[in-house]
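One structure below.
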Amino acid sequence: MVESLFFLLLLQLLGETLARLLALPVPGTVLGMLLLWFWLIARLPRPKKLEAMAQGIFNYLPVFFIPAAVGVIEQRQRIASDGWWLFLLIVLSTLAGIAAAAWTMKWLGRKDARKTQAGTESAR
Amino acid sequence: MNELSTAFSGDFSAALPSSAWLNFWHWLQPTPLFGFTLTLGAFALGQVVARLCRGHPLSNPMLLAPVFIGAVLLAADVSYPVYFEGAKFLHFLLGTATVALAIPLARHTPALRKDLVRIGAGIFVGMTVSTASVLALAWLFGGDATTLHSLAPKSVTTPIAIALSERLGGLPSLTVATVMVTGMSGAILGVPLLRRMRIEDPRIVGIALGTASHGIGTARALQVNAEAGAYAALGMAMTGALLAVILPICFWLYPRLAALF
């Protein structure tokens, strides 16, 4: 477990170092995630209990959000004045995103189905 | 006599019986013993309340705990930066959790390869529409730059959204609230909307919910069935990874392009 946590912290350090050295706009932790993704896809050697360690961290994930979420108390005035319309915009754009993703996949799927149908017809 | 009273012998307020308590209280506020303990306690209390409410979506401990902590901080007159001083150790682990998100991402990569164009297009269009629409609407309503930067990562899973908000110059706390509303609205209204659109394919339901409303949408997709849940996890992971790279580049490019014209 300790080597898995060390491995994750090392990649986090590597990501933050790269982001700072190269002055990249992408967050260092995300670079660390992308590095680990390539590492795993390339099937490079990894600590044995890495998956279990990650699952352990994910189990506590909601607790880690809380210190940042409490910061909302500093935004009381902004939320009192803008909260309602912001709420509405967020809900509307979420529904637009769901509909757009679903339509795109349905449309591409229908095209694929037509193509395979045409393919079987010409084969006759 | 005890040490505390001799320590205060030169202080006028030592005459008050509460001075030892006040001294202790000022020492305690910025330590992890206050911030860390309060955070875990509030979350545990949130879990108890959620259980009593039988898992009603609004009784989520992630929603309740910040309310409890906020109430304690306001009542005890502790400022947020002082609380954060003690709670920052929990906040730090969010970064480690972000790195660990690569593990489920790698697990779902084979499913993505199988149907790359359709899934890739669905995720790309979904995340672009939800992000562009919230930015365009907020801009039309006269939102300032800080608001736009805080809203932009709305469809991104919370740990990445917080990192993005900090990097873009938004308010991480406003981003957390935005991401929560995004997740809740997608989880509650998403399935009825898709049913109305006559979409039943679990792969499409999963990608749509995971792309637009990250982890909370993924939890809802898992209730539809396991296949929808797996595709939702893929949608969530890809949206997080793609927007984490695309958003900072867009916000970096925009003022430079605008300056050209």
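For the stretch B:160-176, check the following and say yes or no: at least one residue is of a type in the set (G, A, S), in contact with a helix residue (DSSP H, G or I) (Cβ under 8 Å, 6 or more places away or on another chain) and without any contact (Cβ under 8 Å) to a residue 12 or more places away in the chain. Spell out the reasoning first.
In the first step, residues of the stretch B:160-176 are kept if they are of a type in the set (G, A, S); the result is B:161, B:163, B:165, B:169-170, B:173.
Add one more test, that the residue is in contact with a helix residue (DSSP H, G or I) (Cβ under 8 Å, 6 or more places away or on another chain), and what stays is B:161, B:163, B:165, B:169-170, B:173.
Within this subset, residues satisfying the condition of being without any contact (Cβ under 8 Å) to a residue 12 or more places away in the chain are B:173.
For the stretch B:160-176, residues of a type in the set (G, A, S), in contact with a helix residue (DSSP H, G or I) (Cβ under 8 Å, 6 or more places away or on another chain) and without any contact (Cβ under 8 Å) to a residue 12 or more places away in the chain: present.
Each residue in the stretch B:197-214 was checked for being more than 8 Å from every other protein chain (Cβ to nearest Cβ) and under 20 Å from the mean Cα position of the chain (by Cα), and 2 pass.
Taken together, the criteria place A:R43 among residues that are on the phi > 0 side of the Ramachandran plot, without any contact (Cβ under 8 Å) to a residue 12 or more places away in the chain and out of contact with any Asp or Glu (no Cβ under 9 Å at 6 or more places or on another chain).
Entry remark, the stretch B:90-130: residues being in a helix (DSSP H, G or I), more than 7 Å from chain A (Cβ to nearest Cβ), in contact with a helix residue (DSSP H, G or I) (Cβ under 9 Å, 6 or more places away or on another chain) and not hydrophobic (A, V, I, L, M, F, W, C) number 5 in total. Might you let me know whether the stretch B:245-261 holds any residue that is crowded, with 24+ Cβ neighbours inside 10 Å, at the interface with chain A (Cβ under 10 Å from one of its Cβ atoms) and either without any contact (Cβ under 8 Å) to a residue 60 or more places away in the chain or within 15 Å of A:A96 (Cα to Cα) (or both)? No - not one qualifying residue is present in the stretch B:245-261. Of all residues in the stretch B:131-153, which are of a type outside the set (G, A, S) and in a helix (DSSP H, G or I)? Listed by number, the residues that qualify are B:T131, B:V134, B:L135, B:L137, B:W139, B:L140, B:T146, B:T147, B:L148, B:H149, B:L151.
Rundown of residues vs (1) in contact with a Phe, Trp or Tyr (Cβ under 7 Å, 6 or more places away or on another chain); (2) surrounded by fewer than 17 Cβ atoms within 10 Å (Cβ to Cβ), yes/no style:
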{"position": "B:G170", "(1), (2)": "no, no"}
{"position": "B:S173", "(1), (2)": "no, no"}
{"position": "B:T182", "(1), (2)": "no, no"}
{"position": "B:G206", "(1), (2)": "yes, no"}
{"position": "B:H214", "(1), (2)": "no, no"}
{"position": "B:G217", "(1), (2)": "no, no"}
{"position": "B:Q223", "(1), (2)": "no, yes"}
{"position": "B:G240", "(1), (2)": "no, no"}
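FYI, it's all coordinate maths here, none of it is from the lab. Keep in mind the model is a prediction, meaning the values are calculated, not measured. When we count neighbours, we look across all protein chains shown, and the Cβ atoms used for this are built from the backbone with ideal geometry, even at glycine.
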